[in-house]
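Visitor: Sharing a structure, written as structure tokens. Questions coming.
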Amino acid sequence: MVDQKQLVDNQRGLLDRSIYTREEIYQQELEHVFGRMWLFIGHDSQIPNPNDFSLTYMGEDPVILTRDAKGEVHAFLNMCMHRGNRVARADDGNAKNFMCTYHGWTYSNEGKLVSVPGLQEAYYGELDVDKLGLVSVAQIDTYAGLIFATWDAQAPSLEDYLGDARWYLDNAFNRREGGIELIGPEKWVGQFNWKFPADNFSGDNYHVHINHRSAFMARFGSGNVPPLDVVYNPDHGYSVSPGQGHGIATRLYDTEEQFDIAFNQLGDSKILIDYERSIRPEMTKRLGERNATRQQGIVGTIFPNLSWLWPQVNGTVRIWHPRGPLHTEVWSYVAIDKAAPQEVKDAQRRFSMVSFGNSGIFEQDDMDNWRQCTESGFSQVGRRVPQNITMGLGHETTHDYLPGPLLKHDITESSQRGFYAWWEEALRAKSWSDLKVTPKTAKYEGTATFKG
Ligand code: FES
Ligand SMILES: [Fe+2]
């Protein structure tokens, strides 16, 4: 067990650097964070048909996500109950059964052990096949087409776990009838602790115009990069901490004209900007007028492993799979409205890949910074001084329209404070009964609310 020394001082905005590098912390994270929280495991569009399956991970555990013949969704540990081989190996496909390639035990896509070679002859008919189905997740549920699961039967409902984050998820993933589809993933392994990208996407907008400045200049032309005093003083930015470690950065403009101007700065692709304008009437009906025509999502993280960026125009979705304290396997998808015309889907895929594909001009900037920040946890001297996440401390407030505790600035570290405070609580909790879930406040104006 991790010793009792406090790791996150949320009152003062200080963080122990060793949380990224210590093996015992990592092992406890696998058990208490990845073993207990609701984790994002896939999207409806990845298994659209009966008997579809898709492989993923929950923490380091390999998982099969299946849709059975009746259309019900399941998730199982991808581990043969005999000696432990993986029973499914293709990344995705369509199969009623999964046969282990070692000795041939075969499981249905509902997780039942349906065939054992030599059951009568070699096992003398004595094997209790009913008790040897695949290990199932304890709970599985969807929100706006996003599929989440947890290994913990005590975890609160997905709706309570997401809390007010649901409102922002709708804005990102539930804009049109049919929701989104995910294209991808691209996969790569980075030399950084999983918490760095998750915290970055929860709302580290501070880094954007330093870390990515040269990429902005290359992408949009040096004359179109705003000066830093403008960047650090945005009129319309908000950093939302809806609880449970989730963090979301967004902008809410006063008028649709301001919203349009902001959109024009996002990209030079006329086809995408025209598309965004064309879908606003439908979005207004589904999400409410202000949400659809004045709210521009920037980034977000659903604790611990799902992140997204620029849901309008760009649509990058991430899963962070921990691979030891010092490595993270990144799965990167492009999210596209299912109902969009094909030329819009193509344009968005290209725009997203150029920017945030694994060799995208923005993507490459972040990773070496995350590696070096992670490695500061190894420094004997560095560990004597805490990491500083004090920006905006004490300025948290609420808003009459945007749900959730927030800070009226999108350049702040309030999301990081929310992320790490929950992380330490989750790490130390003996069970879910030690954890306090933030009550939801969101009031929905549209029709695209729960369970898209
Ligand atoms: S390990 Fe799967 S059948 Fe033996
Ligand atoms: Fe970045």
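The values are calculated or read from the model by the stated rules, or taken from the named source; none is laboratory data. All figures in this text were calculated on a predicted structure; none of them were measured in a lab. Positions of Cβ are backbone-derived with ideal geometry, glycine not excepted, and every protein chain shown enters the neighbour counts. All accessible areas refer to the heavy atoms of the entire protein, side chains included, with ligands and DNA or RNA removed. Shrake-Rupley method; radii C 1.70, N 1.55, O 1.52, S 1.80 Å.
Visitor: Only one of 327, 246 is open to solvent by 10 Å² or more (accessible area, probe 1.4 Å) and under 25 Å from the mean Cα position of the chain (by Cα). Can you tell me which?
Guide: Values: 246 fails: open to solvent by 10 Å² or more (accessible area, probe 1.4 Å).
Matching residue, one of 327, 246: 327.
Visitor: Would you check if residue 440 is part of a loop (DSSP other than H, G, I, E, B) and surrounded by 18 or more Cβ atoms within 10 Å (Cβ to Cβ)?
Guide: Taking the combined requirement at face value, the residue satisfies it.
Visitor: May I pose another question? Have a look at 185, 226 and point out the one that is more than 27 Å from residue 292 (Cβ to Cβ), more than 16 Å from ligand 2 (Cβ to nearest atom) and either over 15 Å from the mean Cα position of the chain (by Cα) or not in a loop (DSSP other than H, G, I, E, B) (or both). Before you say what the answer is, go through the steps one by one.
Guide: Details: 226 fails: more than 27 Å from residue 292 (Cβ to Cβ).
Sole residue among the options that is more than 27 Å from residue 292 (Cβ to Cβ), more than 16 Å from ligand 2 (Cβ to nearest atom) and either over 15 Å from the mean Cα position of the chain (by Cα) or not in a loop (DSSP other than H, G, I, E, B) (or both): 185.
Visitor: Given the criteria more than 16 Å from ligand 1 (Cβ to nearest atom), β-branched (Val, Ile, Thr) and closer than 17 Å to residue 314 by Cα, does residue 189 qualify?
Guide: Values: more than 16 Å from ligand 1 (Cβ to nearest atom): yes; β-branched (Val, Ile, Thr): yes; closer than 17 Å to residue 314 by Cα: no.
Considered against the rule, which asks whether it is more than 16 Å from ligand 1 (Cβ to nearest atom), β-branched (Val, Ile, Thr) and closer than 17 Å to residue 314 by Cα, residue 189 comes out as no.
Visitor: Continuing with the same structure: So how many residues does the stretch 109-124 have that are in a loop (DSSP other than H, G, I, E, B) and open to solvent by 40 Å² or more (accessible area, probe 1.4 Å)? I'd like the intermediate steps shown before the answer.
Guide: So the first thing to find is which residues in the stretch 109-124 are in a loop (DSSP other than H, G, I, E, B), and the list is 109-112, 116-124.
From the residues that got through so far, the ones that are open to solvent by 40 Å² or more (accessible area, probe 1.4 Å) too are 110, 112, 117, 119-124.
Residues in the stretch 109-124 being in a loop (DSSP other than H, G, I, E, B) and open to solvent by 40 Å² or more (accessible area, probe 1.4 Å): 9 in total.
Visitor: If I filter the stretch 65-81 down to residues being in contact (Cβ under 8 Å) with a residue 40 or more places away in the chain and either within 11 Å of ligand 1 (Cβ to nearest atom) or touching a Cys at 6+ places or on another chain (Cβ under 6 Å) (or both), which single residue comes out as farthest from residue 152 (Cα to Cα)?
Guide: Within the stretch 65-81, the match that is farthest from residue 152 (Cα to Cα) is 81.
Visitor: Taking the stretch 324-340 as the region of interest, how many residues are in contact with a helix residue (DSSP H, G or I) (Cβ under 8 Å, 6 or more places away or on another chain) and not in a strand (DSSP E or B)?
Guide: 5
Visitor: While we're on this one: Does residue 214 fit the bill of being more than 16 Å from ligand 1 (Cβ to nearest atom), under 25 Å from residue 423 (Cα atoms) and either of a type outside the set (Val, Ile, Thr) or outside any loop (DSSP other than H, G, I, E, B) (or both)?
Guide: Working: more than 16 Å from ligand 1 (Cβ to nearest atom): yes; under 25 Å from residue 423 (Cα atoms): no; either of a type outside the set (Val, Ile, Thr) or outside any loop (DSSP other than H, G, I, E, B) (or both): yes.
No: the conditions fail for residue 214.
Visitor: What are the residue pairs meeting all of these: first residue in the stretch 287-302, first residue outside any strand (DSSP E or B), second residue among the aromatic types (Phe, Trp, Tyr), Cβ atoms under 7 Å, and 6 or more apart or on different chains?
Guide: Going by the 7 Å Cβ cut-off, the qualifying pairs are 290/401; 293/259; 294/253; 294/259.
Visitor: I'm trying to understand the selection: among the residues of the stretch 183-214, which are modelled with pLDDT of 95 or more and among the aliphatic types (A, V, I, L, M)?
Guide: Correct list: 189, 198.
Visitor: From the list 251, 280, exactly one residue is touching a Ser or Thr at 6+ places or on another chain (Cβ under 6 Å) and under 28 Å from residue 350 (Cβ atoms). Which is it?
Guide: Details: 251 fails: touching a Ser or Thr at 6+ places or on another chain (Cβ under 6 Å).
Checking each option against the conditions leaves just 280.
Condition check ((1) at pLDDT 95 or above; (2) outside any loop (DSSP other than H, G, I, E, B)) across all residues:
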{"residue": "2", "(1), (2)": "no, no"}
{"residue": "5", "(1), (2)": "no, no"}
{"residue": "12", "(1), (2)": "yes, no"}
{"residue": "18", "(1), (2)": "yes, yes"}
{"residue": "26", "(1), (2)": "yes, yes"}
{"residue": "29", "(1), (2)": "yes, yes"}
{"residue": "34", "(1), (2)": "yes, no"}
{"residue": "37", "(1), (2)": "yes, no"}
{"residue": "41", "(1), (2)": "yes, yes"}
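Visitor: Could you run through the stretch 193-211 and say how many residues are of a type in the set (S, T, N, Q) and either surrounded by fewer than 22 Cβ atoms within 10 Å (Cβ to Cβ) or within 16 Å of ligand 1 (Cβ to nearest atom) (or both)?
Guide: Pass one, the stretch 193-211, residues of a type in the set (S, T, N, Q): 193, 200, 202, 205, 211.
If we keep only those that are either surrounded by fewer than 22 Cβ atoms within 10 Å (Cβ to Cβ) or within 16 Å of ligand 1 (Cβ to nearest atom) (or both) as well, we get 205, 211.
Of the residues in that region, 2 qualify.
Visitor: Related question: Report the residue count in the stretch 268-285 for those that are open to solvent by 60 Å² or more (accessible area, probe 1.4 Å) and part of a helix (DSSP H, G or I).
Guide: First, the residues of the stretch 268-285 that are open to solvent by 60 Å² or more (accessible area, probe 1.4 Å): 268, 270-271, 274, 277-278, 281, 285.
Checking the rest, the ones that are also part of a helix (DSSP H, G or I) come to 270-271, 274, 277-278, 281, 285.
The total comes to 7.
Visitor: Hey, another quick one. Which one of these is loosely packed, with under 15 Cβ neighbours inside 10 Å and either within 16 Å of ligand 2 (Cβ to nearest atom) or under 25 Å from the mean Cα position of the chain (by Cα) (or both): 89, 83, 36? Give the derivation first.
Guide: Values: 83 fails: either within 16 Å of ligand 2 (Cβ to nearest atom) or under 25 Å from the mean Cα position of the chain (by Cα) (or both); 36 fails: loosely packed, with under 15 Cβ neighbours inside 10 Å.
Within the list 89, 83, 36, the selection yields 89.
Visitor: Hey, can you tell me all the residues within the stretch 92-102 that are of a type outside the set (Phe, Trp, Tyr), open to solvent by 30 Å² or more (accessible area, probe 1.4 Å) and assigned to a loop (DSSP other than H, G, I, E, B)?
Guide: Those that are of a type outside the set (Phe, Trp, Tyr), open to solvent by 30 Å² or more (accessible area, probe 1.4 Å) and assigned to a loop (DSSP other than H, G, I, E, B): 96, 101.
Visitor: Output the residues belonging to the stretch 342-391 that are part of a loop (DSSP other than H, G, I, E, B), open to solvent by 20 Å² or more (accessible area, probe 1.4 Å) and away from ligand 2 (no atom under 16 Å from the Cβ).
Guide: First, pick out the residues of the stretch 342-391 that are part of a loop (DSSP other than H, G, I, E, B): 357-362, 379-381, 385-386, 389-391.
Filter once more, so that each one left must be open to solvent by 20 Å² or more (accessible area, probe 1.4 Å): 358-359, 361, 379-381, 385-386, 390-391.
Residues satisfying the conditions are 379, 380, 381, 385, 386, 390, 391.
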